[in-house]
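Everything on this sheet refers to the single structure shown next.
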Amino acid sequence: DTSVSVRDLDIHYGALKALHGLDLDVGRGEFLVLLGPSGCGKSTLLNAIAGLIDITDGEIWISGKNVTWSEPKDRGIGMVFQSYALYPRMSVYDNLSFGLRMTGIPKAEIAARVDKAATMLQLVPLLKRKPAELSGGQRQRVAIGRALVRQVDVFLFDEPLSNLDAKLRAELRVEIKLLHRQLGNTMIYVTHDQIEALTLADRIAVMKNGVIQQLAPPIEVYQKP
Ligand code: ADP
Ligand code: ADP
């Protein structure tokens with residue numbers, strides 16, 4: 001049962017071939033980590049799945065639909081980025097609900113979704129605060145919450161923990177793992193941190209020079225030769 005499929009994907013930035021002929025199938029409910037050195041194409045692949053960049057050639061399917069030419073908002077995905085990208089003038093509550101308010105979902109439904117996400121992410125006591133009044137870890141939880149309230153099948157994470165110190169990173173790693181257990185949705189998670197890959201992944205896609213070099217469970221990827 002496939003959740004996300006990438007077919008023969010090429011992405012060129014001018015003369016630079018960032019991805020070439022890349023194929024990937026992510027199972028429904030799978031936690032897939034994209035791992036590899038800086039510049040190997042991880043963010044390019046994630047942004048292509050999200051619909052944030054133009055693809056040169058190939059196809060992307062999400063939940064059985066060909067979304068190659070769909071707008072990001074129509075792809076049924078939630079994104080969490082490294083920089084929190086919160087609205088500085090809005091409260092945590094408004095940050096969590098803003099995207100939903102734009103879509104015409106009834107107020108009571110929005111309140112219920114925000115409440116659920118805030119509870120899962122321990123943000124309930126912080127709902128009235130502004131982003132400037134939060135710690136880095138709390139801000140990143142709000143960023144995760146904004147993806148959660150969308151109630152989509154697929155979450156895309158781009159190095160969500162790399163701006164945090166080691167202690168917070170470890171804490172949020174556990175929280176993300178728990179969230180995945182509770183929600184059971186598909187997660188595609190970019191990192192260059194081997195510990196994150198090892199602890200979070202069902203499978204790791206090891207990337208190098210724009211292709212997937214190995215796709216296997218952590219135990220196989222980290223096996224001594
Ligand atoms: P990673 O996420 O693994 O660090 P990226 O996907 O960001 O890798 O980058 C892959 C390659 O594409 C790198 O060589 C990078 O310099 C190049 N690249 C990324 N984005 C752009 C862009 N907007 N314009 C030109 N080159 C880019
Ligand atoms: P902005 O005003 O910065 O464009 P919005 O919250 O209005 O942000 O969202 C714009 C579109 O992007 C909306 O259609 C929303 O569904 C989508 N969107 C917002 N946040 C996310 C997210 N975390 N992941 C995926 N899509 C999102």
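So, counting K/R as plus one and D/E as minus one, what does the shell of residues with Cβ under 12 Å around Ala117 add up to?
So the surrounding residues net to +4.
Mind listing which trypsin sites (Lys or Arg not before Pro) in the range 1-108 are in a DSSP loop and have 16 or fewer other Cβ atoms within 10 Å?
Arg28, Arg89
Taking Lys17 as the anchor, which aspartates and glutamates have their alpha carbon closer than 16 Å to its alpha carbon, excluding any fewer than eight residues away along the same chain?
By straight Cα distance, Lys17 reaches Asp8, Asp54, Asp57.
Starting from the Cα of Lys130, draw a straight line to each of the lysines and keep only those under 24 Å, dropping any in the same chain fewer than 8 residues away.
Those lysines meeting the cut-off are Lys107, Lys116, Lys167.
For Lys65, give me every one of the lysines with a C-alpha distance below 24 angstrom, ignoring sequence neighbours fewer than eight places off in its own chain.
Reachable lysines: Lys42, Lys73.
Report the gain in length on full extension from Ala132 to Thr119: 0.36 nm times residue separation, minus Cα-Cα distance, nm rounded to one decimal. Each step should come with its number before you reach the end.
Values: separation 13, 0.36 × 13 = 4.68 nm, distance 2.08 nm.
So the chain would gain 2.6 nm between Ala132 and Thr119.
Farthest toward the dipole's positive end in the chain, which of His192, Ala132, Leu164, given Cβ charges of +1 (Lys, Arg) and -1 (Asp, Glu) about the Cα centre?
With unit charges placed on the Cβ atoms, the residue in question is Ala132.
Wrap a convex hull around the Cα atoms of the chain, take a quarter of its surface area, and give that in square nanometres.
12.9
Could you grab the relative contact order for the chain? Cα pairs under 8 Å, six or more apart, rounded to a whole percent.
30
Could you give the nm distance between label points at Ser38 and Glu109, where each point is 7 Å from its Cα heading toward the beta carbon?
Calculated label separation equals 4.4 nm.
Per residue of the range 68-83, in order, report the coupling 6.51 cos²θ - 1.76 cosθ + 1.60 (Karplus, θ = phi - 60°) as ³J(HN,Hα) in whole Hz, putting x for Gly and Pro.
3, 10, 7, 5, x, 5, 9, 9, x, 10, x, 10, 10, 9, 5, 8
Would the range 75-116 count as rounded, prolate or oblate if I go by the C-alpha gyration tensor, calling it rounded below 1.5 in a/c and otherwise prolate when a/b exceeds b/c, oblate otherwise?
Because a/c hits 1.5 or more and a/b fails to exceed b/c, the range 75-116 counts as oblate.
Stokes-Einstein D for the range 140-225 at 25 °C, 0.890 mPa s, Kirkwood Rh over Cα pairs, in µm²/s? Walk me through the numbers before you get to the answer.
Numbers: Rh = 13.9 Å.
Once the numbers are plugged in, D ends up at 176 µm²/s.
Would you mind telling me the antiparallel percentage of the DSSP bridges in the chain, rounded to 5?
Values: 20 of 38 bridges.
Around 55 percent antiparallel, to the nearest 5.
Taken together, the values in this text are just the output of simple stated rules run on the coordinates, not laboratory data. Predicted model, so just to flag it, every value in this text is computed and none were measured. Reconstructed Cβ throughout: ideal geometry from the backbone, glycine too, with neighbour counts over all protein chains shown.
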